[in-house]
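What follows is a short report on a single structure.
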Ligand code: MG
């Protein structure tokens, strides 16, 4: 194997000095030999793609309950879009693409079935047991819950990927492996974070339009929408044209990506193009939208909250599904023998409630619904 290009040399030639090099990784909790073909971050990416939790994203809600329509985003297609945009941002900024992509691919592994409604419900159910948060759950999935290696639990990912999953911001950073994290996440983690924001804003808009719940008239006062319309004026597209909405969404993504890159080039220059550690110690995030686009994003988020996320066509199905999920939780707590084999085995170490919540959080929408009808609904427990 002497003819292949050295991946670490390739990184050296492509990365800015503030980028994280795989050769300088803080490593893994359980020591492993390096791989002769792939960098540490490439290995982490592949471990995530080959995990069960990643495959289950296909049947988890993004906004619409999974199976509501074949064209809507699922948690998996959302994740793939985020990772593509994270790669673009990282490459344009001279950051480590493999690391940004890996964090993006893992960022939603902790999501419950039924999207944010499911997460909120599980958080309430666990009120006396520390609550539930999908970001810390993502870390738990890769550190504990995936089981495929004989020598250690989880996927034994590098510190950089694991710390990038915490999504923390400023004042009180959480601890990782007993050590407090720096005020800001690693730059590649910040990239994945911004990529997530800009991806969901643009694709939720797209899904809302596809579902017939949002219309061109509703969007007139939304700044990003107006800017995109101005940009495509030369194309002579009208709302009745087949390509109008998809092209508008594509234009919005372009504008958001360009804004982040422009802003970050300026931020990194004014911070003196720091090294990775200095960027993490910095008082504020360096990977972010410009002030103008941050406000545009907030306006869009408010709009989606008002017109889309809680629309009965979206919310009714979610509420019913979440009610079933809560009934299922209650059933498992009362009948632990009906939990999955691995969940039952964890009761002794983490307690019944946490083992149950982890089991439910791991479920896909359709599996949770099937389980509800098998264990609760069919017995007249609900509905
Ligand atoms: Mg996400």
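Taken together, the values in this text are just the output of simple stated rules run on the coordinates, not laboratory data. These numbers come from a predicted model, not from an experiment. For neighbour counting, all protein chains shown are included, and Cβ atoms are generated from backbone atoms with ideal geometry for every residue, glycine included.
Some notes on this structure:
- Prolate/oblate/rounded label for the range 256-344 (Cα gyration tensor, a/c 1.5): oblate
- The alpha carbons of the range 294-382 stretch over 49, 32, 17 Å along the principal axes, in descending order.
- In plain terms, the chain from residue 320 to residue 262 could stretch by 16.5 nm, reckoned as 0.36 nm per residue minus the Cα-Cα distance.
- For the range 153-295, the square roots of the Cα gyration tensor eigenvalues, ordered a ≥ b ≥ c, give a/c of at least 1.5 with a/b greater than b/c, which places it in the prolate category.
- Distance between the range 1-77 and the range 218-263 - C-alpha centres, whole angstrom: 31 Å
- The chain - Debye-derived log10 I(q)/I(0), Cα point model, q = 0.07, 0.10, 0.13 Å⁻¹: -0.34, -0.70, -1.14
- With the gyration tensor restricted to C-alpha atoms of the range 133-225, the semi-axes of the equivalent ellipsoid amount to 36, 18, 10 Å, longest first.
- 25 °C / 0.890 mPa s Stokes-Einstein diffusion coefficient of the range 12-109, Kirkwood radius on C-alpha pairs, µm²/s: 166 µm²/s
- Calculated mean residue ellipticity at 222 nm for the chain: -17000 deg cm²/dmol, from DSSP H runs with n ≥ 4 weighted as -39500 (n - 2.57), summed, divided by the residue count and rounded to 500.
- Efficiency of FRET between residue 67 and residue 149 - r from beta-carbon atoms, R0 22 angstrom, step 0.05: 0.10
- Cβ-based exposure ranking for 376, 63, in which fewest neighbours within 10 Å come first: 376, 63
- A simple spin-label model places the labels of residue 233 and residue 281 4.9 nm from each other, with each point 7 Å out along Cα-to-Cβ.
- Shown for 255, 325, 280: other C-beta atoms within 10 Å of each C-beta, ranked fewest to most, produce the order 255, 280, 325.
- Residues considered: 149, 18, 244. Largest GNM mean-square fluctuation over the chain, using C-alpha springs under 10 Å, is found at 149.
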